[in-house]
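First comes the structure, then the notes that go with it.
The values are calculated or read from the model by the stated rules, or taken from the named source; none is laboratory data. Please read these numbers as outputs of a predicted model, since none were measured by experiment. Neighbour counts are summed over all protein chains in view; Cβ atoms, including those assigned to glycine, are modelled from backbone coordinates with ideal geometry.
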2 protein chains.
Amino acid sequence: MKTPKISEAVVRRLPVYLRYLQHLVDMNIRTVSSYELGQKLDMNPAQIRKDLAYFGEFGRKGIGYEVSYLIEKIKGILKLDRNLNVALVGAGHLGIALSNYNRYTKEKMSIVAIFDTDPAKIGLSVGNMPIRHIDELDRVVKELDIRIGMITVPATAAQQVADRLVEAGVSGILNFAPVSLRVPSEVHVRSSDVTTELQALAYYID
Amino acid sequence: MKTPKISEAVVRRLPVYLRYLQHLVDMNIRTVSSYELGQKLDMNPAQIRKDLAYFGEFGRKGIGYEVSYLIEKIKGILKLDRNLNVALVGAGHLGIALSNYNRYTKEKMSIVAIFDTDPAKIGLSVGNMPIRHIDELDRVVKELDIRIGMITVPATAAQQVADRLVEAGVSGILNFAPVSLRVPSEVHVRSSDVTTELQALAYYID
């Protein structure tokens, strides 16, 4: 089945389903209903059924979804069933925290290189990877076939790092710096900024 | 004007507008068009006009939006024009990185307390705040009128921390642990998890 183009909202929810389904596997639970998923994920079961039905009929009435089958399906849709190499630029506290990603994931997507500009950091090891100078970025991105760049540098340096990542050939950027990046339309950017997250949350606080 | 209830998607975009508008103020730029905003934020100008028109007619044709007026309006909508105290639980690399938030923001929302369980960390100072033991959480949340909790502990401890935050009386949680939290319906949760972000991004990588 060819996967139809899906909305960004659904793309955002699929990894959340996946995370919980993998937790069920760890607990040896083999089937799950949309009602249970809704309860545990604090989401509307009808929304979950709708999201999942979009990719074909996975669930069976009265039995629910087969966990392992659903995991394979979602991984297929998100294209997680392939190797996907990630570079991290910025080896400060945030970069070091995020470099732990590899340690906790069973995915084929992994951080394979870390860059910084601080001479005091170059050569140090983070998560079994050496911190490399940013001047090596272009060469390493090409050599290791890196497709995604994570930006954890200060706001003032973020656009410049994004430009270098794009020039080196990445097709996706996950930006943690508090600034909107400008990239060519073929490059996809997702942003995660604690200030905007907190401000959005403030709206809901009475 | 009473603000109508707005969608989560709009609530998520308003802080992004705000961030760029504040950047314009820093550059002494007084008016901006939806076209310019769209260009700089990599967003559709029609979407921006629609989002902003929702709260009344801010913009004038041919002149655009008055930056400082728009900032005040958005701050009002997000209720950022009041003090809002935040607690951070988990003083690892991520917690320390996020505690820098106060240093870069001019908002009235600020992190006022940091908690951990590691005896080696208690009493140390991060961003001019002492790291306190989590057993002080309930008392400090009440004393400092803390309304939002940020969770930067490992996944295995996150639900327990959320329970304690809710019990202490916070109404919002920003969760960085890779797990879906269950909270009472009156508590609003936003999540930021690098794994789900990367997985969502993977969908767009050819």
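A few points about this structure:
- Count of segment A:185-206 residues which are more than 7 Å from every other protein chain (Cβ to nearest Cβ) and more than 20 Å from the chain's Cα centre (by Cα): 0
Yes/no matrix, rows are residues, columns are (1) within 20 Å of B:SER171 (Cα to Cα); (2) part of a helix (DSSP H, G or I); (3) not assigned by TED's automatic domain parsing to the domain that holds B:PRO154:
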residue	(1), (2), (3)
B:GLN22	no, yes, yes
B:LYS40	no, yes, yes
B:ALA91	no, no, no
B:LYS106	no, no, no
B:SER110	yes, no, no
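- You will find that of B:GLN160, B:GLN199, the residue that is assigned to a helix (DSSP H, G or I) and either aromatic (Phe, Trp, Tyr) or at pLDDT below 95 (or both) is B:GLN199 and no other.
- Filtered residues of segment B:4-20 (kept if more than 7 Å from chain A (Cβ to nearest Cβ), in a helix (DSSP H, G or I) and free of Cβ contacts under 8 Å to residues at least 60 places away in the same chain): B:GLU8, B:ALA9, B:VAL10, B:ARG13, B:TYR17
- Residue that is nearest to the chain's Cα centre (by Cα) [pool: residues in segment A:102-123 that are without any contact (Cβ under 8 Å) to a residue 12 or more places away in the chain and under 29 Å from A:ASP26 (Cβ atoms)]: A:THR105
- Looking only at residues of segment B:156-184 that are more than 7 Å from chain A (Cβ to nearest Cβ) and over 20 Å from A:ARG19 (Cβ atoms), we find that the one that is surrounded by the most Cβ atoms within 10 Å (Cβ to Cβ) is B:LEU165.
- Lone qualifier among B:GLY76, B:GLY123 - being assigned to a helix (DSSP H, G or I) and exposed (fewer than 15 other Cβ atoms within 10 Å of the Cβ): B:GLY76
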